[in-house]
1. Under a point-charge model restricted to the Cβ atoms of Lys and Arg (+1) and Asp and Glu (-1), what is the dipole moment magnitude of the chain relative to its Cα centre, in debye to the nearest 20?
2. For the pair residue 308 and residue 401, how long in nm is the line joining their label points, each one 7 Å along Cα→Cβ?
3. May I ask for the distance between the Cα centers of segment 321-394 and segment 87-134, given as a whole number of Å?
4. What full-extension length gain, to one decimal in nm, is calculated for residue 390 and residue 275 as 0.36 nm per residue of separation minus the Cα-Cα distance?
5. For the chain, please report how many Lys pairs fall under 29 Å Cα to Cα, leaving out neighbours fewer than 8 apart on the same chain.
6. By Kyte-Doolittle mean hydropathy of at least 0.0 and Cα axial length of at least 20 Å, which whole DSSP H helices of the chain are selected?
7. Classify segment 2-440: rounded, prolate or oblate, from the alpha-carbon gyration tensor (a ≥ b ≥ c, eigenvalue square roots; a/c under 1.5 rounded; otherwise prolate if a/b is larger than b/c)?
8. Roughly how many nanometres apart are two label points built 7 Å out from the Cα toward the Cβ at residue 75 and residue 416?
Amino acid sequence: MMKRMAILLAGFLIFLSAQAAGAYELGSTGNVDIHGFISQGYIKTTDNNFFGPTEDGSFQFNEAGINFSSDVSDRLRVGLQFFARDFGSLGNNEVTIDWAFADYTFTEWANFRAGKIKMIHGLYNTSRDVDMLRTSVFLPQSVYNEGWRDSINAMNGFEYYGYAPAGAVGSFEYHAQVGTFNLDDDGAEIRLLEDQLPALMQFDVHGIEVESIYAGGFLWESPLEGLRMGASGWQLTFDGTISSELLAASPTNPPYVGPVVPDSIIDVVQTGWTTSIEYAIGDLVFSTEYNRINYDLDDADLGIDKDFDSEGYYGMLTYRFCDWFELGTYYSEYYANRDDKDGDKGRATWDNGLALDGSSLPGAQGGYPPGQDYRAYLKDLALSLRFDITENWILKVEGHKMQGSAIMLNSDDNTALYSGVMGPSYEEDWYLYTAKVSYSF
């Protein structure tokens, strides 16, 4: 893994030493545009581990990418980006193909793209890897959850898109995508799924097979300069094998690893949609988005049948004071289940848990332990400072006042033992601080 990261960094040094420009002539094939970026950050939380060992402070917060693109003809463009990141327990500097496509233009309103393509989701998903394009270090987690970044980043498939001028009412941009991608058995998405399963068992979800993903969206560029509005949506279907071990059989039975329960298959369908507004007035930019995701989890063998909606929204303001300084702030709210925003239902699920012998065993069916009802939400007030040191170098400093613990992972050492059952353990009020330096060319 480190060898692959070294190869990528060596590539950076070669290109940076060659020249700082962005286009290279390769024989008779024409110009190949080469761009890249690398960043290193530090992250610290006062309580709760945010996707890694952040309570003690962590330098496991870096990104690197290099991309190549070229116009093969007047109508055909091809491109490829290698990318690696390390964010606590995510990424681990594994070099991946972030995107790779062939893009053919028929007309302005009819274009076709194939390969590994960036997925349409909200205003900023297709550009979230490019740190230079935004003020904040972290996009609002209510819509751009870091735990889901790898899965909703890109898909292997096809895209039809276009631009349609509409005269006095502005113009429209539209996208339709279909494809698939790989989900890592140890990725944040699957670990978060494991957190939803009954606490009586120690579950391991693996062998993930993504059947399909569909995504689409449109963006309206209004006749009012700087104002754009849009909507996007996606549906993901996958299944996986659940292997489990019994942890406790009754209130009088201490925690132990017991008989292996037969493997079963869990089917998951996720359907999400987002509405978006952005308004830029000179150097001031306001944006707001609302996101809803329906989760349908089904495993007949284990008696799992869950159907619920998460909900998230934010409002963000940024202002560029001068060429070298930009200030931003946002407020974001996320609810794991919009029908249980205060966590009362999750608390009742915990309190009403039953052991295998039918006796009361709080926590056996999951839910929120005593004093952990704020696991149901995450409220985030953020302040970001961006300093453009040169045209290629930027420094960002950011602070977050957090309330709640939704989206975070129990497997990041955020657990405790409650009367024989392991459950989530978080502090309700906490702070997150981060600083990040980025270079791009």
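1. Numbers: 27 positive and 64 negative charges, 233 e Å.
So the dipole magnitude of the chain works out to roughly 1120 debye.
2. Distance between label points: 2.8 nm.
3. That distance is 27 Å.
4. Details: separation 115, 0.36 × 115 = 41.40 nm, distance 3.49 nm.
Answer, rounded to one decimal: 37.9 nm.
5. 26
6. Values: long enough: 2-18 (24 Å, 1.73).
Helices meeting the span and hydropathy rule in the chain are 2-18.
7. Details: a/c = 1.73, a/b = 1.65, b/c = 1.05.
Prolate.
8. It is 6.5 nm.
Readers should treat all values here as calculations from the given coordinates under stated rules, not as data from a laboratory. Computed from a predicted structure; not experimentally measured. Neighbour counts are summed over all protein chains in view; Cβ atoms, including those assigned to glycine, are modelled from backbone coordinates with ideal geometry.
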